[in-house]
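Colleague: Quick one: this structure, given as structure tokens, is what I'll be asking you about.
What follows draws every value from the coordinates through simple rules; no lab data is involved. All values reported here derive from a predicted model rather than from experimental measurement. In this analysis, Cβ positions are derived from the backbone assuming ideal geometry, glycine residues included, and neighbour counts consider all displayed protein chains.
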2 protein chains.
Amino acid sequence: MGRWLPNREGLKMDFLLQELRRAGYRITDARRAIVQALVNASRPLNPQELYEAARVQHPRVGLVTVYRTLEALLELGMVQKVHGEQGCVGYVYTGRGHRHVAWCRACGRAFIFEGQEDLSSLEQSLERTLHFRVEGHLLQLTGLCAECQART
Amino acid sequence: MGRWLPNREGLKMDFLLQELRRAGYRITDARRAIVQALVNASRPLNPQELYEAARVQHPRVGLVTVYRTLEALLELGMVQKVHGEQGCVGYVYTGRGHRHVAWCRACGRAFIFEGQEDLSSLEQSLERTLHFRVEGHLLQLTGLCAECQART
DNA sequence: GGCCTTACTGAAAACGTTTTTCAGTAACTC
DNA sequence: GAGTTACTGAAAAACGTTTTCAGTAAGGCC
Ligand SMILES: [Mn+2]
Ligand SMILES: [Mn+2]
Ligand SMILES: [Zn+2]
Ligand SMILES: [Zn+2]
């Protein structure tokens with residue numbers, strides 16, 4: 001069964017489990033372990049990495065359940081994909097709402113922030129020139145986090 | 001060998017072949033067919049689709065060569081991946097330089113435009129609050145193109 | 001608490017996509 | 001035209017993801 005120490009990420013974890021519960025999913029040891037591994041991760045994890053991290057708490061967990069849990073969390077808008085140069089580098093906890101990712105190219109950590117950027121002039125420009133009506137966007141930033149700048 | 005009718009996309013095709021040549025690649029019938037299929041496509045194509053399109057001009061082409069050609073063009077910054085909700089939906093010709101994609105959710109066509117958006121206030125905000133130094137970004141818009149709006 | 005329903009689980013197999021291997025071919029250089 | 005070697009396509013291998021299925025346990029109910 002395992003014990004779940006209250007920590008800084010405990011709140012995120014409780015929130016995620018609550019959201020799963022609200023959506024009709026059952027709370028199982030496998031899901032607890034996967035969700036805990038996800039909120040404790042400092043950088044985006046792919047299914048294989050998340051699987052390995054979850055096995056620390058729940059060694060009997062299967063990789064399939066990781067895929068299924070990620071699917072559910074993605075559906076609920078609780079996690080987002082992070083895109084690298086060659087494809088998807090992993091999934092990261094973002095919580096509810098319109099969020100963006102700033103991804104450090106040196107340490108690989110993801111920093112989540114609310115989408116407060118202003119793309120309205122770009123959207124108007126597209127509307128005028130192409131008559132394209134913008135409905136949504138995918139925006140991800142890359143660069144260097146504070147610590148990795150200092151390390152240089 | 002096949003004939004290459006001069007058309008609107010002929011310029012793009014010549015440019016791509018030229019760029020491949022400049023980078024030291026040899027120009028082969030397979031590459032010609034793949035590049036032609038790519039510039040003639042009105043929407044992002046995945047390797048399988050590009051393979052089928054290229055076979056019209058060069059039926060003996062192999063899917064492997066499509067992968068290798070896409071890798072080269074991506075390396076040269078001539079094509080970009082287009083990201084959908086569930087992952088990469090395909091590759092699209094963008095040409096040299098910082099370009100963005102507006103992707104129509106109805107017809108699937110991609111509209112390429114130069115990156116003239118202003119993210120500086122967002123970047124400054126990230127610099128101030130997180131001390132994150134932004135170096136680059138991935139921005140893709142989704143919505144409805146002019147024709148698909150009219151069709152509603 | 002115990003019972004019942006059924007969502008969930010993990011192992012295995014199946015699957016589709018991408019990469020590697022390799023011997024033959026042909027593009028480019030001289 | 002001859003020589004070098006990058007490129008080709010078929011096949012096999014490797015990879016990541018999804019499906020299948022019989023056993024398990026979560027949550028609702030009394
Ligand atoms: Mn936004
Ligand atoms: Mn831009
Ligand atoms: Zn960093
Ligand atoms: Zn459209």
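Colleague: In degrees between 0 and 90, to the nearest 10, how far off the longest principal axis of chain A does helix A:63-75 point, with axes built from Cα atoms?
Modeller: 40 degrees
Colleague: Okay, next question. How far is A:Ala150 from itself in the other copies, in nm, if each label sits 7 Å out from Cα along the Cα-Cβ line, shortest first?
Modeller: 5.8
Colleague: Now for a separate question. Quick one: what Rg and Dmax do you get for segment B:27-146 from the alpha carbons, in Å?
Modeller: Expressed in Å, the Cα Rg and Dmax of segment B:27-146 come to 16.9, 57.
Colleague: Something else about it: Would you calculate, for chain B, the mean residue ellipticity at 222 nm contributed by helices, counting each DSSP H stretch of 4 or more residues as -39,500 (n - 2.57) and dividing by all residues, to the nearest 500?
Modeller: Rounded to the nearest 500, the figure is -13000 deg cm²/dmol.
Colleague: Find me the longest stretch of chain B that has none of the exposed trypsin sites (Lys or Arg not before Pro), where exposed means in a DSSP loop (not H, G, I, E or B) with at most 11 other Cβ atoms within 10 Å.
Modeller: Here the longest segment lacking exposed loop sites spans B:97-150.
Colleague: While we're on this one: Most mobile of A:Val64, A:Val39, A:Val89 per a Gaussian network model of chain A (Cα springs, under 10 Å)?
Modeller: Greatest mean-square fluctuation among the candidates belongs to A:Val64.
Colleague: Hey, fewest Cβ within 10 Å first, where do B:His98, A:His137 land in order?
Modeller: B:His98, A:His137
Colleague: Can you give the local net charge around A:Val92? Use residues other than it whose beta-carbon is closer than 12 angstrom to its beta-carbon, Lys and Arg +1, Asp and Glu -1.
Modeller: Summing Lys and Arg as +1 and Asp and Glu as -1 gives +4.
Colleague: Okay, moving on. Tell me, what ³J(HN,Hα) does each residue in segment A:8-14 have, in order and in whole Hz, if you take phi through Karplus 6.51 cos²θ - 1.76 cosθ + 1.60 with θ = phi - 60° and put x for Gly and Pro?
Modeller: Values per residue, Gly and Pro as x: 4, 8, x, 5, 4, 5, 4 Hz.
Colleague: Considering only the other residues whose Cβ falls under 10 Å of the Cβ of A:Ser121, what net charge follows from Lys and Arg at +1 and Asp and Glu at -1?
Modeller: After counting each charged neighbour, the total is -4.
Colleague: What's the magnitude of the charge dipole for segment A:3-151 around its Cα centre, counting Lys and Arg as +1 and Asp and Glu as -1 at the beta-carbon? Answer in Debye, nearest 20.
Modeller: Numbers: 20 positive and 16 negative charges, 135 e Å.
Roughly 640 debye for segment A:3-151.
Colleague: What is the spin-label model distance, in nm, from A:Thr28 to A:Glu71 if the labels are put 7 Å beyond Cα along the C-beta direction?
Modeller: In this crude spin-label approximation the distance works out to 1.3 nm.
Colleague: Okay, next question. I need to check one value: relative contact order of chain B, counting alpha carbon pairs closer than 8 Å and at least 6 residues apart, in percent.
Modeller: On the way: 170 pairs, mean separation 26.1, N = 152.
Once normalised by length, the contact order is 17 percent.
Colleague: Right, here's the next one. Give me the log10 of I(q) over I(0) for the protein assembly as shown at q = 0.09, 0.12, 0.13, 0.16 Å⁻¹, as the Debye formula computes it from C-alpha points; what are the numbers?
Modeller: The Cα Debye sum returns log10 ratios of -0.57, -0.94, -1.05, -1.30.
Colleague: Another one. When DSSP beta bridges are limited to those with both residues in segment B:3-151, what percentage is antiparallel, rounded to the nearest 5?
Modeller: 75 percent
Colleague: Once you place label points 7 Å from the Cα toward the Cβ at B:Val56 and A:Arg60, how far apart are they in nm?
Modeller: Between B:Val56 and A:Arg60, the simple spin-label model gives 5.6 nm.
Colleague: Please identify, among B:Ala23, B:Ala33, B:Ala102, the residue showing maximal mean-square fluctuation in a Gaussian network model of chain B using a 10 angstrom Cα cutoff.
Modeller: Result for chain B, Cα springs under 10 Å: B:Ala23 fluctuates most.
Colleague: Run the reach check for B:Lys81 against lysines, Cα to Cα strictly under 22 Å, same-chain hits fewer than 8 apart removed. What comes back?
Modeller: Hits, sequence-local ones excluded: A:Lys81, B:Lys12.
Colleague: For peptide B:115-123, compute the average count of partner chain beta-carbon atoms within 10 Å of each residue's beta-carbon.
Modeller: The per-residue average across the peptide is 5.
Colleague: Please find the FRET efficiency linking A:Arg151 to B:Arg21, where r is the Cβ-Cβ separation and R0 is fixed at 30 Å, and quote it to the nearest 0.05.
Modeller: Approximately 0.15, to the nearest 0.05.
Colleague: Once the other residues with Cβ under 15 Å from the Cβ of B:Tyr25 are scored (Lys, Arg +1; Asp, Glu -1), what is the net sum? Spell out each step's value before the answer.
Modeller: Working: positive: B:Arg21, B:Arg22, B:Arg26, B:Arg31, B:Arg32, B:Arg68; negative: B:Asp14, B:Glu19, B:Asp29, B:Glu71, B:Glu75.
Net local charge, B:Tyr25 excluded: +1.
Colleague: Relative to the longest principal axis of the C-alpha atoms of chain A, give the angle of the C-alpha long axis of helix A:120-130, reported between 0 and 90° and rounded to the nearest 10°.
Modeller: 60 degrees
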